[in-house]
Amino acid sequence: MQFSKSIEAFQQAQKSIPGGVNSPVRAFKSVKLNPVFIESAKGATIVDIDGNTYTDFVASWGPLIFGHAHEKIVAAINDAAQKGTSYGAPTTSETEMAELIVEMVPSVEKVRMVNSGTEATMSAIRLARGYTGREKILKFVGNYHGHGDSFLIKAGSGAITLGLPDSPGVTAGNAKDTLLANYNDLYSVEKIFEEERQNIAAIIVEPVAGNMGVVVPEKGFLQGLREIATKNGSLLIFDEVITGFRLAKGGAQEYFGVMPDITTLGKIIGGGLPVGAYGGRKEIMDQLAPVGPVYQAGTLSGNPLAMAAGSTMLKLILNTPDFYSELERKAKKLHKGILSNLETTGINGVVNRVGSMMTLFFTNEEKVSSFDEAMNSNTDRYAEYFKLSLESGIYIAPSQFECLFVSYAHTDEDIDNIIAANLKALKKLS
Ligand code: PMP
């Protein structure tokens with residue numbers, strides 16, 4: 001494979017863009033490679049500017065569950081664009097989108113659209129603070145909720161990948177209002193509540209952690225959080241930016257049968273356009289301006305292009321009866337294939353998976369169910385694995401602490417190919 005055009009493009013980009021990228025993990029820094037610059041994509045295939053093609057298991061970090069440039073989604077965006085790209089005034093497309101979300105996500109009775117997952121989580125904690133009259137939030141070490149100040153404290157995703165879990169620029173005042181517990185450790189949550197009971201507005205959690213690699217909630221963990229929040233008058237926020245519409249029509253809350261008070265949603269509902277949303281029970285959501293006193297706004301919120309793409313995508317899910325069973329079938333096949341390859345090659349590893357999100361951890365641990373266990377992974381080995389995968393035409397996340405996503409666009413042949421590429425890579429590593 002030849003990367004000369006990407007190498008030149010990266011050099012050029014670095015002159016005018018910090019680090020050459022508009023979101024840090026894209027720079028391939030932790031895998032010590034030059035990032036590939038993308039030219040185009042269709043279905044499960046992406047093409048870089050040197051003409052190399054890859055089967056894509058990043059899917060724009062999750063949202064493209066029907067693959068790239070789905071005909072119906074592209075047509076909906078085109079149609080909407082013909083009628084103007086933004087009005088800053090209400091449209092019926094926003095109501096249609098809201099109704100679809102309310103229909104699909106069990107705990108959501110009303111929903112407000114924003115422009116990213118970060119905006120959704122920032123707004124959700126403001127709402128929780130306004131609703132409860134309390135100031136602190138409890139989050140989990142290694143969970144990532146976007147780059148809002150309150151969340152860049154022991155944060156996951158690119159923050160751990162780049163060794164920057166706590167960012168300069170976050171004030172001490174902000175940091176003191178974020179309390180930290182350990183994922184899958186209810187005792188650590190209870191201990192914090194013993195001391196701060198009256199002060200905690202909300203617990204915010206990734207119901208399946210995806211930003212320290214996939215870490216599955218242990219039996220009783222989410223239910224335990226629900227009980228602790230209810231008992232102490234705090235709200236429970238599920239950050240379903242990754243899990244929403246991916247694990248089930250109603251996200252992780254439907255999948256695990258635990259209802260949060262507020263749900264944050266992100267990129268998936270934009271079908272690839274910049275979108276986020278947060279929703280919950282009526283009496284909580286009606287605290288928002290203009291009905292209530294909690295202020296939150298957005299010039300481009302509910303943008304007609306994003307609404308067209310998003311509602312088309314949600315209707316595609318509703319009209320594809322085998323959607324989740326097919327995702328599960330393909331992801332299970334891949335999971336089994338990787339486990340068998342690990343055994344064949346004698347490489348130590350753990351594969352964590354829920355539905356179509358999974359991570360292969362290169363680790364000597366027996367299991368990865370906590371942040372500390374995730375951190376014991378061999379990131380040098382992952383970097384080598386990433387490079388070998390790329391050279392076999394398989395595009396996966398350039399970090400150990402992210403997910404691999406299976407989409408409806410992946411064919412059985414795509415799954416066979418990634419299993420074969422995985423075996424080839426593991427043989428080289430062994
Ligand atoms: N929450 C979670 C769980 C996420 O995974 C992400 C992004 N990967 C965000 C929030 C932030 O979303 P965005 O990047 O759209 O701001």
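The values are calculated or read from the model by the stated rules, or taken from the named source; none is laboratory data. Please read these numbers as outputs of a predicted model, since none were measured by experiment. All Cβ positions, even for glycine, are placed from backbone atoms using ideal geometry, and neighbour counts span all protein chains on display. Just so you know, the surface numbers come from the protein's heavy atoms only, side chains and all, with ligands and any DNA or RNA stripped out. Shrake-Rupley method; radii C 1.70, N 1.55, O 1.52, S 1.80 Å.
Some observations on this one:
- From the list Val291, Val275, the lone residue that is out of contact with any Leu (no Cβ under 6 Å at 6 or more places or on another chain), open to solvent by 10 Å² or more (accessible area, probe 1.4 Å) and either without any contact (Cβ under 8 Å) to a residue 12 or more places away in the chain or farther than 21 Å from Gly355 by Cβ (or both) is Val291.
- Selection status of Ser157, out of contact with any helix residue (DSSP H, G or I) (no Cβ under 8 Å at 6 or more places or on another chain) and open to solvent by less than 40 Å² (accessible area, probe 1.4 Å): no
- Test: residue in segment 6-18 that is among the hydroxyl-bearing types (Ser, Thr, Tyr), free of Cβ contacts under 8 Å to residues at least 40 places away in the same chain and more than 30 Å from Ala297 (Cα to Cα): yes
- Tyr87 being more than 16 Å from the ligand (Cβ to nearest atom), among the aromatic types (Phe, Trp, Tyr), modelled with pLDDT of 95 or more and part of a helix (DSSP H, G or I): no
- Residues being open to solvent by 10 Å² or more (accessible area, probe 1.4 Å) and more than 12 Å from the ligand (Cβ to nearest atom) - total across segment 189-212: 9
- Elements of type strands (runs of 3 or more DSSP E) in segment 247-355, at least 1 residues being over 19 Å from Ile101 (Cα atoms) and more than 16 Å from the ligand (Cβ to nearest atom): 350-354
- Checking each residue of segment 5-22 against the condition of being touching a helix residue (DSSP H, G or I) at 6+ places or on another chain (Cβ under 6 Å), farther than 22 Å from Gly117 by Cβ and not in a helix (DSSP H, G or I) gives no match.
- Across segment 372-399, the number of residues qualifying as without any contact (Cβ under 8 Å) to a residue 60 or more places away in the chain, of a type in the set (Ser, Thr, Tyr), open to solvent by 10 Å² or more (accessible area, probe 1.4 Å) and outside any loop (DSSP other than H, G, I, E, B) comes to 1.
- In the set (1) open to solvent by less than 10 Å² (accessible area, probe 1.4 Å); (2) away from the ligand (no atom under 14 Å from the Cβ); (3) acidic (Asp, Glu), the condition left unmet by Asp185 is number (1).
- Selection of segment 218-250 for residues being among the small types (Gly, Ala, Ser) and under 12 Å from the mean Cα position of the chain (by Cα) yields only Gly244.
- Residues of segment 14-29 that are farther than 17 Å from Ile46 by Cβ and more than 16 Å from the ligand (Cβ to nearest atom): Gln14, Lys15, Ser16, Ile17, Pro18, Gly19, Gly20, Lys29.
- Cβ-Cβ under 6 Å pairs, at least 6 apart or on other chains, segment 133-145 side of a type in the set (Phe, Trp, Tyr), far side away from the ligand (no atom under 16 Å from the Cβ) and part of a strand (DSSP E or B): Phe140/Ala181
- Matching residues in segment 47-68 - criterion: being surrounded by fewer than 22 Cβ atoms within 10 Å (Cβ to Cβ), over 20 Å from the mean Cα position of the chain (by Cα) and of a type outside the set (D, E, K, R): Val47, Ile49, Gly51, Asn52, Thr53
- Note on segment 213-246: among residues that are open to solvent by 10 Å² or more (accessible area, probe 1.4 Å) and assigned to a loop (DSSP other than H, G, I, E, B), the one that is farthest from the ligand (Cβ to nearest atom) is Gly233.
- Among the residues of segment 112-132, those that are more than 9 Å from the ligand (Cβ to nearest atom) and more than 18 Å from Leu235 (Cα to Cα) comprise Met113, Val114.
- Conditions (1) in contact with a helix residue (DSSP H, G or I) (Cβ under 8 Å, 6 or more places away or on another chain); (2) assigned to a loop (DSSP other than H, G, I, E, B); (3) surrounded by 19 or more Cβ atoms within 10 Å (Cβ to Cβ): number failed by Ser369: (1)
- Failed criterion for Met122 (all others in (1) among the hydrophobic types (A, V, I, L, M, F, W, C); (2) at pLDDT 95 or above; (3) under 17 Å from Pro24 (Cβ atoms) hold): (3)
- So Leu100, is it within 17 Å of Leu236 (Cβ to Cβ), part of a helix (DSSP H, G or I), open to solvent by less than 50 Å² (accessible area, probe 1.4 Å) and of a type in the set (A, V, I, L, M, F, W, C): no
- Residues in segment 133-149 that are open to solvent by 10 Å² or more (accessible area, probe 1.4 Å) and either within 14 Å of the ligand (Cβ to nearest atom) or under 17 Å from Val189 (Cβ atoms) (or both): Arg134, Lys136, Val141, Tyr144, His147, Asp149.
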